[in-house]
Amino acid sequence: MRRAVRVVRGLWPDHNPLRRASDRAEAGIITGLAVAFLVGAPLIALAVWQLAMSTSFTTTRAERAGWRPVPARLVTRAPFSYSYDVAVPARWRAPDGTGHRGWIRVPPGTRAGTLVTVWSGPTGRLARSPMTRSQAAIQATCTAAIVVPCWGMLLLGTGALSRRLLDARRLAAWDADWEAADRRGSAGANPGP
């Protein structure tokens with residue numbers, strides 16, 4: 001706790017004549033970056049969540065595009081596999097009534113003749129299953145949650161870069177002060193006690 005108080009006291013703007021302008025600028029930059037994070041993080045998360053929700057391909061959008069869920073009957077039994085899904089041949093009817101054959105992915109061990117719901121376009125072409133509203137909300141929430149640390153890292157990088165530039169200025173000023181002290185010679189130097 002004492003260390004935090006010391007850090008805050010060191011950054012607090014005051015009228016200390018020994019505090020350089022670069023020190024005051026650094027305190028202002030740190031304050032600005034902290035405010036940018038505290039204000040920007042919720043706003044950016046909300047904007048990203050809205051964007052992810054509006055661009056997700058949900059069931060409603062799929063139906064508006066002419067896609068429909070249709071039953072597909074498996075022609076053969078799905079082989080056993082340690083993977084999640086396996087491809088097997090199936091038959092289905094498009095929304096316009098035409099029959100189609102192709103490969104679909106099903107869980108391993110699914111029996112021949114089983115009906116599986118697939119999504120088909122107006123011409124019978126299969127498409128990936130659209131997300132439900134809750135799946136879209138989960139994806140949008142995860143995306144928004146990832147954006148907040150990214151925003152923090154961007155601000156942290158900005159702070160580190162500004163600190164590096166300010167340190168370069170401080171070192172240049174320090175070198176200039178030493179050059180001025182060297183030019184004055186021993187008469188201008190403080191001999192000490």
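What follows draws every value from the coordinates through simple rules; no lab data is involved. Since we're looking at a predicted model, the values are computed, not measured. Cβ placement follows ideal geometry from the backbone for every residue including glycine, while neighbour counts extend to all protein chains displayed.
Computed from Cα positions, the angle between helix 133-184 and the longest principal axis of the chain comes to roughly 20 degrees. Rounding to the nearest 10 and keeping the result within 0 to 90°, find how far the Cα-based axis of helix 21-55 lies from the longest principal axis of the chain. Between helix and principal axis, roughly 10 degrees. Highest-first packing order for the peptide set 49-59, 85-95 is 85-95, 49-59, based on the mean count of other beta carbon atoms within 10 Å.
Highest GNM mean-square fluctuation among Gly152, Gly121, Gly99, for the chain modelled with Cα contacts below 10 Å: Gly99. The charge dipole of the stretch 74-185, taken about its Cα centre with unit charges on the Cβ of Lys, Arg, Asp and Glu (plus for the first two, minus for the last two), comes to roughly 740 debye. Relative to the longest principal axis of the Cα atoms of the chain, helix 2-11 runs at roughly 70 degrees. Over the chain, Cα pairs under 8 Å with separation of 6+ residues give a relative contact order of 23 percent. Maximal additional length on extending the Arg170-Phe80 stretch stands at 25.5 nm, based on 0.36 nm per residue less the C-alpha distance.
Taking each residue as 0.36 nm, the span from Asp96 to Ser134 lengthens on full extension beyond its C-alpha to C-alpha distance by 10.7 nm. Near Arg91, once Lys and Arg are set to +1 and Asp and Glu to -1 for all other residues with Cβ below 14 Å from its Cβ, the sum equals +3. Magnitude of the charge dipole for the stretch 56-130, about its Cα centre and with charges confined to Cβ atoms of Lys, Arg (+1) and Asp, Glu (-1), is about 100 debye.
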